[in-house]
Amino acid sequence: MSSPVKEVHVLENVWIPVDAETRLSARIWLPKSSTTKFSVVLEYIPYRKSDWTSTRDASNHVWLAQRGFAVARVDIRGSGNSEGHYYGEYTPQELQDGVMVIEWLASQSWCSGSVGVFGKSWGGFNGLQLAAMAPPALRGVVSLYSIDDRYADDVHYMGGAVLGSEALSWATVMFSLNALPMAPETVGSEVEWKRRYKERLERQFPWLHEWLAHQTRDDFWEHGSICEAYDKVKCPVLEIGGWNDGYFNGVARMIKGMKSSPSKGVVGPWSHNWPNHATPGPQVGFLEMCRQWWDYSLNGRTDEPATRFPDLQLFVKDEIENTTARILEYPGKWCGVGDGEKLEQKFVTFYCSSDDGYKLQTTTEPPSARERVIGLNSLQGAWSSEWLSFGGEDMPGNQVNEDALATTWSTGLLNEDIEIVGRPQISLFVKSNKPQVLIMARLSDVAPSGKSTLITRGVLNLSHRHGHKLEELSYMPIGEGTRVNWQLNACAYTLRAGHTLVLSLTPNYWPMVWPSPEPAELTVSFAESNLLKLPVLPEGPAPTDNAATCPVKDYPLDAGTPSRTISLREAPPLERNLTLLLSETDSSQPIQRLVVQEDQGKDLLVDEGIVMEETATKTYTIDPQCLHPRVSIQRTLTYEKLPSSQHSELLVRFADQVTAATHVDNLKVERVDYAEHPVLPWKVRVETDSSMASNATTFFLKDHMIVRLNDEVFFEKKWEKEIPRQFV
């Protein structure tokens, strides 16, 4: 491993020009040297480097700068302290600006000419997209929790269905975050700062309006989906996913698809957090893995272990004894797949029996006139957890209730282990009583104790059974047997001998998936076969923790450098409260109301003197017939730039915390401030109230924003939108 550099300079608010009128704001970490030129790692996102991501940036970027890389954290146009305006995710303007930023970094006197792009989620997405644009100085990418197909696997749609628990939620995160101000010292006078801030607010709009205006896989979603441009990616890409995140289906696809790029994939058990901190564990030495990747891709070193990675390194989960909504660490093993093309080439096939035992069996049976109804219940999905977990009380717990509400087939006790690696496939012959209906399939591992653990799941809107483009869509023929095929989400899981595999089918999965336009009933027909295919590795189960084939597991765990943040109020655990309102006429079909409370606590950024608080309340409601689904989300963000005297007082009062949060192994981290104008204290409170509802034909969207500056209303606006449903 390389020796740490002894000192790091942090350059605050460096301006990067991207056109004649617009400059982007950067924070740059430079290893101290008078002669050495460094490769640069860029993180390019809209999440406000001066406050919202300051904690994680300090942890990751100082660590990397100590080890000989310059690191640039840049706010995209219209976000944070950058100039201009932006209007959505991964716009052509954002990507063109990104190319200009890469060129600017490569031209600096302290840069070797090699630039890499690093990031998770948004930064993982645009890292891939910039790789497809292939600017000459871009030599490598580390992309975490991203996807290659923005329609198929992002927070907006899945399987042709709207994601009820995510689409509005994510839209409101950005709606509120984009309402925070740029720092006054980057603008000028207080009058000019307020004018610029008001202009930014007036250009705001709720992004869900645009996402729901594109309900099929059209040009809007194809833009930024690098599956459309695999062959344009030339530089090495390290693609990282987590089984408890929402973004993992694309890892194996990208490794197979980006044939012109020396790309590798890693999928651990993690949620939407860095792999050296994420729960569930086990965590890995993520920053050391990145350092090796950068030394290989940016500095041309061929002796790094990263050059010997197999195509895929996957954590294969095992049964967990106590399935709860929060899991700290999964049992299991790491598995190396040397050739990604071998994935999903061999399957274990089970057939759904038609007799009253409803078994998953390995033999077929002759066609028959038997049928089995997949019934609707408003509670189906109530224990689905979140599509994307952050490692708290938001993961799927015991699935016994979900299984009981579903139409199921089961194997009985297995005689031997089955190691599932890849995307299970389902093929059913079904009839529908309505033209539009969805089907959710889940696979569960039922232990001898009766506990049921979710293995994987996958939804298909059956009007999208031939594809997601408008010309591929068609309604289900009423009452006619129709063959439908779809894949479940990727997984790596060991089903143990003595356990039972259960396949569960439902036409509803609220609130994760938005319901069909009207109550629908599906019927499985046994006039043709109905089957489940489980992918397994061609050479059989992987050896247990074989370091030779899976080196990532043996990286020493690195926590990064201290966060330079102290807690003034600890964040309480996430709360999920499910209430069932019983009907006087039919107690078996209650109204479902799920309330999720999020509270991020109260933090002080030691260097910036900014105090941050964020809370959210999400309410998901559905009636017994699933006719009137509704989501409402209230968010409050309170950010305060403290007067210097108050900031100093807090640093003294919490001196022990400050020391722990800023101590960097006795190495010096020097901040060089580039403030062009006076630093002004300010306090901003952003309150948003957003809702999404529907009937059989229309989505109804409402948003209300109030922004208070120094405790007085500075901006207020309401938006309302009706959008026709189109095959969803």
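Under a 5 Å amide H to amide H cut-off, with H placed in plane at 1.01 Å, what residues pair with Val316 once short-range neighbours are removed?
Lys333, Trp334, Cys335
Which entries in Lys234/Lys342; Lys553/Lys618; Lys602/Lys702; Lys317/Lys342 show an alpha-carbon gap greater than 27 Å? Working shown, then result.
On the way: Lys234/Lys342 23 Å; Lys553/Lys618 37 Å; Lys602/Lys702 29 Å; Lys317/Lys342 20 Å.
From Lys234/Lys342; Lys553/Lys618; Lys602/Lys702; Lys317/Lys342, over 27 Å: Lys553/Lys618; Lys602/Lys702.
On C-alpha positions alone, give me the angle between the axis of helix 92-106 and the longest principal axis of the chain, in degrees, nearest 10.
With rounding to tens, the tilt is 50 degrees.
With the cut-off at 1.5 for a/c, could you classify the stretch 321-478 from its C-alpha gyration tensor as rounded, prolate or oblate? Don't skip to the answer; put the middle values down first.
Details: a/c = 1.35, a/b = 1.30, b/c = 1.04.
Judged from the Cα gyration tensor, the stretch 321-478 comes out rounded (a/c under 1.5).
Report, in degrees rounded to the nearest 10, the 0 to 90 angle that the Cα long axis of helix 54-66 makes with the longest principal axis of the chain.
70
For the stretch 501-570 and the stretch 299-356, what is the separation of their C-alpha centers, rounded to whole Å?
Computed from Cα coordinates, the inter-centre distance equals 10 Å.
How much length, in nm to one decimal, is gained on full extension between Phe700 and Glu371, taken as 0.36 nm per residue of separation minus their Cα-Cα distance?
114.7 nm
List the GluC sites (Glu not before Pro) within the stretch 351-455 that DSSP assigns to loop and that have no more than 10 neighbouring Cβ atoms inside 10 Å. Intermediate values should be presented prior to the final figure.
Numbers: sites: Glu371, Glu386, Glu393, Glu402, Glu416, Glu419; in loops: Glu386, Glu393, Glu416.
The qualifying sites are Glu416.
Which length gain, in nm to one decimal place, applies between Glu528 and Ala559 when the Cα-Cα distance is subtracted from 0.36 nm times their residue separation? Can you show the working numbers first?
Working: separation 31, 0.36 × 31 = 11.16 nm, distance 5.47 nm.
That works out to 5.7 nm of additional length.
Per-residue counts of other Cβ atoms within 10 Å, averaged by peptide: what ranking do you get for 348-360, 598-610, 309-321, highest first?
Working: 348-360: 16.8, 598-610: 19.2, 309-321: 21.7.
Peptide ranking by packing, descending: 309-321, 598-610, 348-360.
Summing +1 for each Lys or Arg and -1 for each Asp or Glu, what net charge is found among the other residues whose Cβ lies under 12 Å from the Cβ of Arg576?
Taking every other residue near Arg576 into account, the sum is -2.
Which percent, nearest 5, of DSSP beta bridges in the chain are antiparallel?
Values: 141 of 178 bridges.
Just about 80 percent of them are antiparallel.
Just want the ordering: Cys626, Cys335, from fewest to most Cβ atoms lying within 10 Å of their own Cβ. Provide the component values of the computation, followed by the final result.
Numbers: Cys626 23, Cys335 26.
Ranking Cys626, Cys335 by Cβ neighbours within 10 Å, fewest first, gives Cys626, Cys335.
Here are some values of percent of Cα pairs over 49 Å apart: [x] 15; [y] 29; [z] 32. Which one was computed from this structure?
The value matching this structure is [x].
Tell me, Lys256, Lys198 in order of fewest to most beta-carbon neighbours within 10 Å?
Working: Lys256 18, Lys198 15.
Sorted ascending by nearby Cβ count, the order is Lys198, Lys256.
Nearest 500 deg cm²/dmol is fine: what mean residue ellipticity at 222 nm does the chain get from its DSSP H runs of n ≥ 4 alone, each adding -39,500 (n - 2.57), divided by its residue count?
Details: 12 runs with 118 residues, N = 728.
Calculated at 222 nm, the ellipticity per residue is -4500 deg cm²/dmol.
For the stretch 346-536, how many pairs of lysine residues have a Cα-Cα distance under 28 Å, where the two are 8 or more positions apart or belong to different chains?
Close lysine pairs under the 28 Å cut-off: 12.
So, counting K/R as plus one and D/E as minus one, what does the shell of residues with Cβ under 10 Å around Thr22 add up to?
On the way: positive: Arg23, Arg77; negative: Asp19, Glu21, Glu83, Asp97.
Summing Lys/Arg as +1 and Asp/Glu as -1 gives -2.
Angle, helix 167-177 long axis vs. longest principal axis of the chain, Cα atoms, 0 to 90°, nearest 10?
Orientation of helix 167-177: about 10 degrees from the principal axis.
Ranking Ser644, Ser385 by Cβ neighbours within 10 Å, fewest first, what do you get?
Numbers: Ser644 10, Ser385 19.
Final ranking by Cβ density, sparse to dense: Ser644, Ser385.
Readers should treat all values here as calculations from the given coordinates under stated rules, not as data from a laboratory. Source: prediction; values computed, not measured. Note that each Cβ is placed from the backbone with ideal geometry, even for glycine, and that neighbours are counted across all protein chains shown.
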